[in-house]
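These notes are about the structure you will find just below.
Every read-out reported here was derived from the displayed coordinates using simple, explicitly stated rules and does not represent laboratory data. Everything quoted here is computed from the prediction, not taken from an experiment. Quick reminder, even Gly has a Cβ in these numbers, built from the backbone with ideal geometry, and neighbours come from all protein chains shown.
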Amino acid sequence: MACKRKSKAGTSSGSPPKSKRPRQTKKARVEEEVATSVEKATSPPKSKKTRQTKKKRVEEEVATSVEKSTSPLKSKSPRLTRSARVEEEVATSVEKAACPPKSKNTRQTRKTRVEEEVATSVEKAASPLKSKKTRQTKEGGVEEEVAASVEKSTCSPKSKKPRQTKNASVEEEVATSVEIAASPTKLKNPRQTNKATVEEEAATSVEKAASPLRKPVTQEVAAADEDGEESRFIGKPMEDEEARKQYPKRYAGEKPKRNGQNNSNDDEDIIQARCHYTKALVDGIAYDLYDDAHVQGETKEEPFICKIVEMFEAIGGLLYFTAQWYYRSRDTVIKHCASVACGRVFFSDVRDDNPLDCLVEKLHIVRLTLNVDQDVKSKSIPVCNYYCDTKYLLPYSTFVNLPTENMQSGSDDSTISVEDDVCLDSEVDSKLSNGLCAKSEVRLLDLYSGCGAMSTGLCLGAHLANVNLVTRWAVDYNEYACKSLEQNHPETEVRNEAAEDFLTMLKEWRKLCMCLKLVETDNLEEDVEKSMLEFFRREDDEEEDEEEEEEDVSGNENDDSEVFEVDCVVGVCFGDPKKNEKKGIYFKIHWKGYGPDEDTWEPMNELEHCKKAIKGFITEGYRLKKLPLPGDVDVVCGGPPCQGVSGFNRFRNTESPLADEKNQQLEVYMDIVQYLKPKFVLMENVVDILKFADGFLGRYALGRLVDMNYQARMGMMAAGAYGLPQFRMRVFLWGARPTEILPQYPLPTNDVISRGVIPTQFEGNAVAYDEGQKTQLAKSLYLEDAISDLPAVENNEERNEMPYGGPPKTEFQRLIRLSKEYLMGTSRDKSLQKVLYDHRPLQLNPDDYARVCEVPKRKGACFRDFPGVRVRGDNKVEWDPEVPRVYLASGKPLVPDYAMSFVKGSSSKPFARLWWDETVPTVVTRAEPHNQAIMHPEQDRVLTIRENARLQGFPDFYRLSGPVKERYMQVGNAVAVPVARALGYALGLALRRSAGADPLFILPANFPSLQDQVHSASSEEEN
């Protein structure tokens, strides 16, 4: 099956919080309630006792009440009929409305009282009495309850009191009509008495309630909010032609659906508009189109932040604005997992419609360019509510530069900027920007490099994009992995040390360069420790005395003691290479008259007698960039180990994952990035960083990049989708400086059989085609495609080199046999590798070898085929009581107990054979057959180092160093080379500024067989 993902995007990145849509704006519900209320007002009542229509009955009752209002009211009878009660209540309200208020303390206007009281009377007359008791609010006033219901009718159903009665819609329309009727500007006869005016207004209100809504004739459209304040549009509406051109979907009339994966409400109808506006007044605050504002949500939590990108009156008469949302960092995929500057918000593409009265206050948001140092920002930002320098897109949890175009009006666009201090070399820039041959060196640092698979793949892929990416530095703690990398990349400065010590050494190296005035500094005394300064401040005469003393010592032939003379300094590190528990700066000394094996590490404070050699080493190291300084590195890649998330770790810290020492290398990795400020960052890790503790570590890594002003995105890629016979899903995190283009993720080239579980919250981060999208993927690769051409070897094979014994049988085998020179573009010779390296297996002990020989050579064979093992109906194994237990020559049982109990007897992996038409779940670091399927299909042994390397996509020219078990470990820990190659191609496009804005792109049809095209392009550019 194809590797595909659900079309719903941004699952992990957080679709906007539900409260981001403070009040539900679904047109269908509003229309339904209004239609119901109008239908109720114009249809006969449900009561069978009268045939009078509801409209006529309402008119008659209101007319009667008005007539009775001119005479004194009689005392109430407790047995009044329903009609009499209505008459009495309406008469009372009309009488009060016609007289001036007695109390001076109330601020209620005559218009407001008329609206409240007539709405109350009409509501009671127009609906059947459901209860003999009047429903009062806690405040005790019927008028307040009706006023609240009228307010509801002007809001979307997603207001704070979302449940309306069916009569609420009647109240809404009556309130609107009463407002129009009660307005002094609408009186036809200004000499009318108060009494006559009330009669006319009441009659008009009933008529309006029973008739459909009409287009308002005024230029100010208003709606009352919960506090009785008006929310209205002000000024003239937009010209109809302009509105239809700018918002065509609002005038389509066919309820088209929203599309686009960034819309939070893409399943809702588009609300159709009557007209559009550019100004509004809410709670006395004037808003312009494209202003930024706070928006109140359903709860009393902190208001949300938006840009007002549309203002319109719906056909139903309700007033709306369209919000384009800003996110606080805690609302993004980062959540609370990383510290992001206070006051920083992220603009998004997410939009939705909200009732106008949801606006709370106008905001001042400053827009900055992302390429501004945080210290500069904090000092330069003017007084404002928030500042924004980044756009947040839900697909693949993406953070990118704000668009360069101005967002029309509203918030200020700041001119704060700084010069780019991390640009590529001018030579490289000029060539890349002009589209010419990009063969100038682009420098790569590989952290936690292992044997170098990730950097090798990146360099191969970048070459296919005509970019000369070179691994200049590599760091790993494993000695044998460092030797393997050094063996295959002689151009690389390989450092065998802990990453945290490497970071300290980088800082100390910069100070050493400052002391020799190789690096500029404003204040040497503050930037460099006193002890280091004193080391380099010896007087010249002291040096001369030292040289004379050395000559005297070397000329003293009678001295029997051995004198060691420093020939040169060959290395520098920070740590404890002598294992004496004294960390510090150490120089590696090559002694005159001795070989390299006799070189020793000596602490700096004990080398005052060879300061000249140290100065020479530092000066030459600075010139050759033996250690990178900030700005020297173009790309940092690496996979910091996070063993604290492993399911095998029973003591995982779910509350504070970074407090676990086994997870702290992730923090060190980000600290190195922060210090060196490379242009691009690529981090790889296991999927568990998105599963463990709600994905804390993945969110933290992304948040650190964002906090360092990097553009960033996160995706998951399966190795099998790029031409390997294994699944192997991994997380890849891209980062790019604001001056660069953020690299994309390459879409799969091959079909793949899915294995494992993708974290639900991050399903949208899987790099795959959408479900239902038509694709033409190459077929899945199987074990036979990868290793069927390799010669047969025995369990006890010990050769590290041997001939192939035959030609390649598949295209995969032909490509993987190509020479390093051809693949890296230094030769056009397509001849294949002649010598096969590392084709030897882990030699099994006699007992395990005897067991392996008993496993049948067929698909699915494993220990369950041994005599004495029975498989139950629930697919669990048990001992067969009818078969005596078989023992090996050593006296141990053929079927070990651990095989029977593994996964409670339900696993078939112990001593299992792989088969030619199968894929491998994941290449592992150990080659023992006790709990995994790793046996060759037809030979009595486990897969060899080279066969495992083939499953990881290592080219056959890549040689490994160290004991056999160490070589298996290097292969199992590696990033699959074809995945790194595809990402390297994406990086090359970004370096050439050819990458698109979308998070995904399609690789060329014949990828990775692009060498001929690259050679042709290079020839043309040379000519």
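Which of rounded, prolate or oblate describes segment 232-401 when judged by the alpha-carbon gyration tensor and an a/c cut-off of 1.5?
On the way: a/c = 2.05, a/b = 1.59, b/c = 1.29.
Cα axes put segment 232-401 in the prolate bin.
Summing charges over neighbours of Lys904, with a neighbour being any other residue whose Cβ is under 14 Å away from its Cβ, gives 0 when K and R count +1 and D and E count -1.
Over segment 656-706, calculate the relative contact order: mean separation of alpha carbon pairs under 8 Å at least 6 apart, over the residue count, as a percent. Show your work: numbers first, answer last.
Working: 21 pairs, mean separation 18.3, N = 51.
Result for segment 656-706 is 36 percent.
For the listed residue pairs Lys677/Lys779; Lys300/Lys377; Lys511/Lys583; Lys507/Lys679, the alpha carbons are over 29 angstrom apart in Lys677/Lys779; Lys300/Lys377. Loop-located GluC sites (Glu not before Pro) in segment 752-788 (DSSP state other than H, G, I, E, B) with a sparse environment of at most 13 neighbouring Cβ atoms within 10 Å: Glu771. Sorted fewest first by neighbouring Cβ atoms within 10 angstrom, Ser831, Ser646 come out as Ser831, Ser646.
As a rough footprinting exposure proxy, the listed residues Glu928, Glu508, Glu655 were ranked by other beta carbons within 10 Å of their own, and the order from fewest upward is Glu655, Glu928, Glu508.
Please work out whether segment 762-899 counts as rounded, prolate or oblate from its C-alpha gyration tensor, where a ≥ b ≥ c are the square roots of the eigenvalues and a/c under 1.5 means rounded, while otherwise a/b larger than b/c means prolate and anything else oblate? Oblate, because a/c is 1.5 or more while a/b does not exceed b/c. Averaging Cα coordinates gives a centre for segment 594-621 and one for segment 719-783; these two points are 49 Å apart.
Using only the Cα atoms of segment 823-947, build the gyration tensor, take square roots of its eigenvalues as a ≥ b ≥ c, and label the shape rounded, prolate or oblate: rounded if a/c is under 1.5, else prolate if a/b is larger than b/c, else oblate. It would help to have the intermediate numbers written out before the result.
Values: a/c = 3.08, a/b = 2.21, b/c = 1.39.
Cα axes put segment 823-947 in the prolate bin.
Only the Cβ atoms of Lys and Arg (+1) and of Asp and Glu (-1) were treated as charged; on that basis the dipole of segment 673-828 about its Cα centre amounts to roughly 600 debye. Near Cys451, once Lys and Arg are set to +1 and Asp and Glu to -1 for all other residues with Cβ below 12 Å from its Cβ, the sum equals -3. Taking the Cα centre of each part, how many Å lie between segment 309-348 and segment 372-394? Cα centroid of segment 309-348 versus Cα centroid of segment 372-394: 16 Å apart. Below 10 angstrom from the Cβ of Val400, what's the summed charge of the other residues (Lys, Arg +1; Asp, Glu -1)? Net charge in that neighbourhood comes out at +2.
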